[in-house]
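The values are calculated or read from the model by the stated rules, or taken from the named source; none is laboratory data. As the structure is a prediction and not an experimental result, all values here were calculated from the model. Cβ atoms come from the backbone with ideal geometry, glycine included; neighbour counts cover every protein chain shown. Surface accessibility is based on the protein's heavy atoms, side chains included, excluding ligands, DNA and RNA. Shrake-Rupley method; radii C 1.70, N 1.55, O 1.52, S 1.80 Å.
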Amino acid sequence: MIAETVCSAVSAAGLGIAAVTAYRRRFLTAARIAAYSLVPLGLVLTGVVDWLADTAFSPTAWAGFGLLGLAWVLFATTRTVERRRGGTRKERRAAARAARPEGVAPAASAPSLGQGSGPAARPATARRGEDDFSDIEAILKKHGI
């Protein structure tokens, strides 16, 4: 009963503010305020306020909301884990089959790349006492400096 009274008072106050706003020739803002102020009255007339009041004091309803929240958390967690793993089990198996060559047995190892010629030769570096400015000189010459 008190919720209906409060909602009606809020709607009346909002409509009053909308009237003052329209008097100041701000019709778009007045229409928006009127729309917002009619929402509580509409909720009272449709019975939503009574339903919410009955739900707010019902332990069974709160247990149901708790179970819905738990279900949502479990769903979100499993989706997050699934995305990190790269899809469902079927999708991972299909990707593994597609990546494996057709003519190779499942337990066969990957072919070797052949004999290497030894360790790769490292380019000669400038001595510590002597700085190599050749790349800087090339850039300056390129720009005409």
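Quick notes
- Residue check, Glu137 assigned to a helix (DSSP H, G or I), among the acidic types (Asp, Glu) and modelled with pLDDT of 85 or more: yes
- In the stretch 47-87, residue least open to solvent (accessible area, probe 1.4 Å) [restricted to those that are at pLDDT below 85 and on the phi > 0 side of the Ramachandran plot]: Gly87
- Matching residues in the stretch 19-46 - criterion: being loosely packed, with under 10 Cβ neighbours inside 10 Å and either under 28 Å from the mean Cα position of the chain (by Cα) or closer than 30 Å to Met1 by Cβ (or both): none
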